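Some notes on the structure that comes next.
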Amino acid sequence: MSQLGIDFTAPPPPPRKTRAEQIFARFKVFHAANPLIWQLFQKYAQQLLDAGREHYSVDCIMHRIRWHVNVETKGGESVKLNDHYTAYYARLWQVKNPAHSGFFELRKRLSAERDAYDTDVVVFRTGSAGSESSLMEELRKL
């Protein structure tokens, strides 16, 4: 303890949670609850590969999934597909299909540099997704 009453031996505070970690936590909950989305994502990506495409837009696949769920499926099911999940589905597909690395352009996640929102959907914390390498490792576990 210093003369000013500051304890310099105390451990540093935990790192502040990022917006990327918040989104990734919600993505993992959504992904587990909606396996059809991942099945469709894989199906449409494979169709593109079979058609000879070497690169494609992940946004197009996400919009195709929305079309399928909202127009082609007559069962009345509806799934809200958050745009924030697009980056995670692209990265998940890449870690599951390393032979096709680069099929989707993986842009920098700006949310990894932003502080978490004070209010967000309450989910349990399942691990850190702050860095790209830790994110990829978490996705390999799904």
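The values are calculated or read from the model by the stated rules, or taken from the named source; none is laboratory data. Given the structure is predicted, the values throughout are model-derived calculations rather than measurements. Cβ placement follows ideal geometry from the backbone for every residue including glycine, while neighbour counts extend to all protein chains displayed.
Quick look at the values:
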| item | result |
| --- | --- |
| Any hit, segment 99-107, residues being crowded, with 17+ Cβ neighbours inside 10 Å, at pLDDT 85 or above and in contact with a strand residue (DSSP E or B) (Cβ under 6 Å, 6 or more places away or on another chain) | no |
| All positions within segment 38-58 that are over 16 Å from residue 101 (Cβ atoms), in contact (Cβ under 8 Å) with a residue 40 or more places away in the chain and hydroxyl-bearing (Ser, Thr, Tyr) | 57 |
